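Asker: Attaching a single structure in structure tokens format; questions to follow.
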Amino acid sequence: MEQQRIPDKHFVIPGGTPVSAALDLARTIVRRAERCVVKVRRLDHVHPPVALYLNRLSDLLFVLARCVEQEELVVKVTSNVMENLAGTNNVSGEIVNMMTLNKAMKMIQTAEAKAKEIEVPMVIAVVDCGGNLVAQHRMDGAILASISISLDKAYTAVSLKMPTEKAAKPASPGQSLYGLNTTNGGRLVIFGGGIPVFDKGVLIGGIGVSGGAVEDDITVAKAGLAGL
């Protein structure tokens with residue numbers, strides 16, 4: 001049991017759980033008995049194994065108490081994690097604070113509807129909070145270059161936690177982030193069409209749109225965001 005339990009690297013405060021508290025109390029009673037044996041030995045003969053047994057028993061109770069605390073801690077932490085994971089689901093089963101395929105498809109559908117409305121074929125990309133692709137859609141007639149540009153816009157929006165058009169000014173000559181678009185293999189885009197996606201203040205991903213003029217890309221990206 002001593003080999004299996006997590007070593008204590010700090011002073012042990014007994015009674016972490018009801019069961020360990022009972023074991024710690026038992027240990028103090030055994031220790032008291034051990035002290036009584038020591039007193040008796042000064043006056044009379046006591047069979048030697050008695051004191052040895054009480055000493056080892058107190059150590060056993062100490063290890064038992066620590067193992068129980070450890071097991072209950074694991075159960076408690078596991079339970080808390082499962083509750084937190086369960087709490088990320090709403091009544092419809094949709095995961096909140098996370099970009100899912102369902103959410104990405106909703107954004108893409110509304111973005112495509114806006115692109116059709118303004119009659120500009122687009123490529124729409126949605127990434128998660130790590131900049132990883134969740135879904136991408138290329139409308140008929142959209143240019144090939146827009147495939148990578150839309151993905152990079154979504155990635156940039158997540159990386160900078162801001163719409164891509166807002167990155168243009170600080171990245172212009174003489175400004176603090178001049179040359180930003182040349183970093184990360186040129187993946188960072190500093191013109192409009194990329195927007196970060198937040199859920200209750202938590203960044204969960206980004207949407208990137210490419211295919212038309214910058215103003216068109218921004219319009220379609222905002223439409224996609226509204227769809228979520």
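Asker: Go through (1) under 14 Å from M107 (Cβ atoms); (2) surrounded by fewer than 21 Cβ atoms within 10 Å (Cβ to Cβ); (3) of a type in the set (A, V, I, L, M) for I207 and report which single condition fails.
Answerer: That leaves (2) as the condition not met.
Asker: Do we have K161 as touching a Pro at 6+ places or on another chain (Cβ under 9 Å) and either free of Cβ contacts under 8 Å to residues at least 60 places away in the same chain or not assigned by TED's automatic domain parsing to the domain that holds E112 (or both) here? Steps first, please.
Answerer: Numbers: touching a Pro at 6+ places or on another chain (Cβ under 9 Å): yes; either free of Cβ contacts under 8 Å to residues at least 60 places away in the same chain or not assigned by TED's automatic domain parsing to the domain that holds E112 (or both): yes.
Yes: the conditions hold for K161.
Asker: Within the range 101-133, which residues are surrounded by fewer than 17 Cβ atoms within 10 Å (Cβ to Cβ) and within 19 Å of the chain's Cα centre (by Cα)?
Answerer: L101, G130, N132, L133
Asker: Right, here's the next one. Within the range 133-154, identify whether any single residue is among the basic types (K, R) and within 18 Å of L228 (Cβ to Cβ), and answer yes or no. Reasoning before the result, please.
Answerer: So in the range 133-154, the residues among the basic types (K, R) come out as 138, 153.
Then keep just the ones that are within 18 Å of L228 (Cβ to Cβ); that gives 153.
Yes; the residues of the range 133-154 include at least one that is among the basic types (K, R) and within 18 Å of L228 (Cβ to Cβ).
Asker: Would you say Q136 is modelled with pLDDT under 90 and either in contact with a Ser or Thr (Cβ under 8 Å, 6 or more places away or on another chain) or surrounded by fewer than 21 Cβ atoms within 10 Å (Cβ to Cβ) (or both)?
Answerer: Details: modelled with pLDDT under 90: no; either in contact with a Ser or Thr (Cβ under 8 Å, 6 or more places away or on another chain) or surrounded by fewer than 21 Cβ atoms within 10 Å (Cβ to Cβ) (or both): yes.
The answer is no for Q136.
Asker: Do the conditions hold for G205, that is, is it in contact (Cβ under 8 Å) with a residue 60 or more places away in the chain and touching a strand residue (DSSP E or B) at 6+ places or on another chain (Cβ under 7 Å)?
Answerer: Values: in contact (Cβ under 8 Å) with a residue 60 or more places away in the chain: yes; touching a strand residue (DSSP E or B) at 6+ places or on another chain (Cβ under 7 Å): yes.
Considered against the rule, which asks whether it is in contact (Cβ under 8 Å) with a residue 60 or more places away in the chain and touching a strand residue (DSSP E or B) at 6+ places or on another chain (Cβ under 7 Å), G205 comes out as yes.
Asker: Scan the range 157-174 residue by residue and report those that are buried (at least 23 other Cβ atoms within 10 Å of the Cβ), under 18 Å from E215 (Cβ atoms) and either of a type in the set (D, E) or in contact with a Leu (Cβ under 9 Å, 6 or more places away or on another chain) (or both). Outline the logic, then answer.
Answerer: First pass over the range 157-174, keeping only residues buried (at least 23 other Cβ atoms within 10 Å of the Cβ): 157-158, 164, 167.
Checking which are under 18 Å from E215 (Cβ atoms) leaves us with 157, 164, 167.
Selection gives T164, A167.
Asker: Now for a different question. Could you check L43 against (1) modelled with pLDDT of 90 or more; (2) in a helix (DSSP H, G or I) and say which number it fails?
Answerer: Every condition holds for L43 apart from (2).
Asker: Next question. When you scan the range 110-129, how many residues do you find that are under 23 Å from L180 (Cα atoms) and not in a strand (DSSP E or B)? First the steps, then the outcome.
Answerer: Going through the range 110-129, the residues under 23 Å from L180 (Cα atoms) turn out to be 125-129.
Remaining after also requiring not in a strand (DSSP E or B): 129.
Residues meeting the conditions: 1.
Asker: If you don't mind, there's one more thing I want to ask. Which of the following residues is modelled with pLDDT under 95 and of a type in the set (V, I, T): I95, I124, I147? I'd like the intermediate steps shown before the answer.
Answerer: On the way: I124 fails: modelled with pLDDT under 95; I147 fails: modelled with pLDDT under 95.
Residue meeting the stated conditions: I95.
The values are calculated or read from the model by the stated rules, or taken from the named source; none is laboratory data. Model, not experiment: these values are computed from the prediction. As a convention, Cβ positions derive from the backbone with ideal geometry for all residues, glycine included, and neighbour counts pool all protein chains shown.
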